[in-house]
Amino acid sequence: MKTIYTFLILLFVTGIMQAQDRPQPKPGNAPVVNIKKPQTFVLSNGMKVLVVENHKLPRVSFTLTLDNAPFTEGNKKGVDELTSSLIGNGTKKTTKEAFNEEIDFYGANINFTSQGAYASALSKYSGRVLELLAEGALQPNFTQTEFDKEKAKLLEGLKADEKSVPAISNRVVDVLAFGKNHPTGEYLSEETVKNVTLEDVQNNYKTYFVPENAYLVVIGDVKFKEVKSSVEKLFKDWKKQAAPKNSYPDPVNVANLQIDFVDVPNAVQSEISLVNTVNLKMSDPDFFPAVIANQILGGDFNSYLNMNLREQHAWTYGANSSIGSGKYVTKFKASSAVRNTVTDSAVVQFIKEIKRIRTERVDPEVLRNVKAGYIGRFVMQVEKPQAVARYALNIETEKLPADFYEKYIQTINNVTADDIYRVANKYFLLDNMRIVIVGKGSDVISSLEKLNIPISYFDKFGNPVEKPSTKKEAPKDITAKTVFENYIKAIGGEKAVTAVKTLYMDGSTTIPQAPTPLTFTSKLDSKGKMMVSLSMGTMNLMKQVVNEKGAYVEQQGQRKNLEGADLAEMKANATPFEELQLAKRADLKVEGIEPINGNDAYVIKDGKTTYYYDVKSGLKTAESKVREQGGKSTTQITNFGDYKEVKGVKVPFNLVQNVGFELDIKMSDIKINEGVSEKDFL
């Protein structure tokens, strides 16, 4: 089966990604800002309340934060996440449905987690909304029915991440940097989630949802005396209790620069992360210099890394860096996703730019622009209630000076090029860095070995493994013709496959940028006609059509007729089972055997397209295609799974494509020789 929807999805997603990547204009001069100081009081149970009156708008927000120390969960990792999911699903006084209906009636917003709660509403409803927040937080109703439902959702999400290269990368980065027995290095797995019981969730809530380190920040159109009276009434029965104070040894960075490689055979891009742990508190004199240094290196669009890897070399949609800060150990991380063929080159450029900021004084104009941009973003935030709440909370929890945010702009402006040089050498530890690469070993290992950087190998959970075996030679009696014929035989045989005149497919998928699932529809005619569409509800987002006159793509009412290579590709896509024709070609050959999706597969290349067929089952397991888009070469890979028989022919009911993220299309209905008419291709 052809990857019939690749062109459509690629155009749709590329448009979104390009819109997100536009550089921001340089900010102007920053005005003087005034951040109102909170009035405070403390309850007898230890909860501290901070109130900032702001009567400009008739709105109020409540932020409850439990500033507990991080902790490990061991073989029941997932307890805290499930606790977060269950808080707010009804209370001991009010059903889930009635609780949510009342929130909707007030036009309020309310959310709960195992670390606190947040609510916002019109100030005239503030009293009742605060009551609901207190009720939801202090009287949760943990039921077996809701627990089973949330646990199933969590397990389903883990399955979706199994083949996600970014998800694997994030997990392994933290495992290797912090260790599996550290709160930051622990990870969710199907095994640990299955170990969690309802009783575990109840005990977790009783142990950690306590007032000793609790802060309630109230911002908006309220009066201090009224808030104080309400809070004392609503939270007075919250029993005084302290959360366990666990401590963990700080992780140790590696002695020398090294590459830690994770082989994911279905990866079309390499996720590269250069990481070392840091201890950087907001109260440290180094805080602002380190933040600005990170902006210069990889925090801004115009940063060293992004200008190099994206703008100069066009290897990626974006390269960035971040540096954590706070009371506990965090990490510095520079990262990007690049196509397989330039993985080694990208590593060289990452090292080059980190060396640059550690050895060269930053240009004065660059420093001025970065500071101005950072100040501009700060100024834009200071009027937002959530930002004011966060600032007030930071002063309390991070033990900051009371005038920390009043001096924020001045402190940033005082950062010098010498400061940048100093903190870059202190926190961007190039000589003690892990270069964690998650990618396709058969494509990238040989070139990485030429960098003369020691390489260690790990599985997708951060366990050490041997160097992975990559491509193997296929048996001499296996030809492209036999592979294609075995595929046709595996899905039902030549007679049944040839009898397929039309193919109708209907399914759904989700993308990060869309608020609701998208509907995917495909209709194919063996005469060389095709229609594929993506829609959201009744709104058609994109549509592509191939007919006897040509081909076109329609997006948001704009139609574009295709020509040249795009037209040729669309026409080539317009066939239900291309293997019927591929089996007749003498120019194709089996390139070898590669592991993909956990199994060995025969590899056959046809120009910029590569096909993968499972050695044992004969079924097509994947197809990759190299594309030129916007002057950049990218590789899209489509994985085929969940084959089911329809009228004597097996077809995949699950298609997963990497388009910068995992696009998972699940078919709900597939029809052969029905559901398709000539009008579909107009």
Filter the range 619-641 for residues that are modelled with pLDDT of 95 or more and surrounded by fewer than 21 Cβ atoms within 10 Å (Cβ to Cβ) and give the result. 619
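For every residue, the table says whether it meets (1) modelled with pLDDT of 95 or more; (2) among the hydrophobic types (A, V, I, L, M, F, W, C); (3) over 16 Å from residue 81 (Cβ atoms).
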| site | (1), (2), (3) |
| --- | --- |
| 119 | yes, yes, yes |
| 127 | yes, no, yes |
| 138 | yes, yes, yes |
| 159 | no, no, no |
Would you please list the contacts, defined by Cβ atoms under 8 Å and residues six or more apart or on different chains, that run from a residue in the range 445-470 that is without any contact (Cβ under 8 Å) to a residue 24 or more places away in the chain to a residue that is in a loop (DSSP other than H, G, I, E, B) and among the acidic types (Asp, Glu)? 465/459
Against the condition surrounded by 14 or more Cβ atoms within 10 Å (Cβ to Cβ), modelled with pLDDT of 90 or more and out of contact with any helix residue (DSSP H, G or I) (no Cβ under 9 Å at 6 or more places or on another chain), how does residue 554 come out, does it pass? yes
Residue check, residue 198 against (1) in contact with a helix residue (DSSP H, G or I) (Cβ under 6 Å, 6 or more places away or on another chain); (2) of a type outside the set (Asp, Glu); (3) closer than 30 Å to residue 266 by Cα, all met but one. Which one? (3)
Applying the selection to the range 298-322, what residues are surrounded by fewer than 17 Cβ atoms within 10 Å (Cβ to Cβ) and among the aromatic types (Phe, Trp, Tyr)? 301
Do you know which residues across the range 65-87 are within 26 Å of residue 403 (Cβ to Cβ) and buried (at least 18 other Cβ atoms within 10 Å of the Cβ)? 65
Exactly one of 188, 216 is of a type outside the set (S, T, N, Q), surrounded by 15 or more Cβ atoms within 10 Å (Cβ to Cβ), in the same structural domain as residue 110 (by TED's automatic domain parsing) and within 30 Å of residue 156 (Cα to Cα), and that one is 188
Within the range 144-167, count every residue that is over 17 Å from residue 78 (Cα atoms), touching a residue at least 12 places away in the same chain (Cβ under 8 Å) and not basic (Lys, Arg). 3
Requiring at least 2 residues that are β-branched (Val, Ile, Thr), closer than 24 Å to residue 61 by Cα and touching a residue at least 24 places away in the same chain (Cβ under 8 Å), the helices (runs of 4 or more DSSP H) wholly within the range 372-439 are 385-397
How many of the residues in the range 188-229 are over 30 Å from residue 58 (Cβ atoms), in contact with an Asp or Glu (Cβ under 7 Å, 6 or more places away or on another chain) and among the hydroxyl-bearing types (Ser, Thr, Tyr)? 0
Are any of the residues in the range 643-650 of a type in the set (Asp, Glu) and in contact (Cβ under 8 Å) with a residue 24 or more places away in the chain? yes
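The values are calculated or read from the model by the stated rules, or taken from the named source; none is laboratory data. Every value quoted in this text rests on a predicted model; they were computed, and no experiment measured them. Glycine gets a Cβ as well: all are built from the backbone with ideal geometry, and neighbour counts include every protein chain shown.
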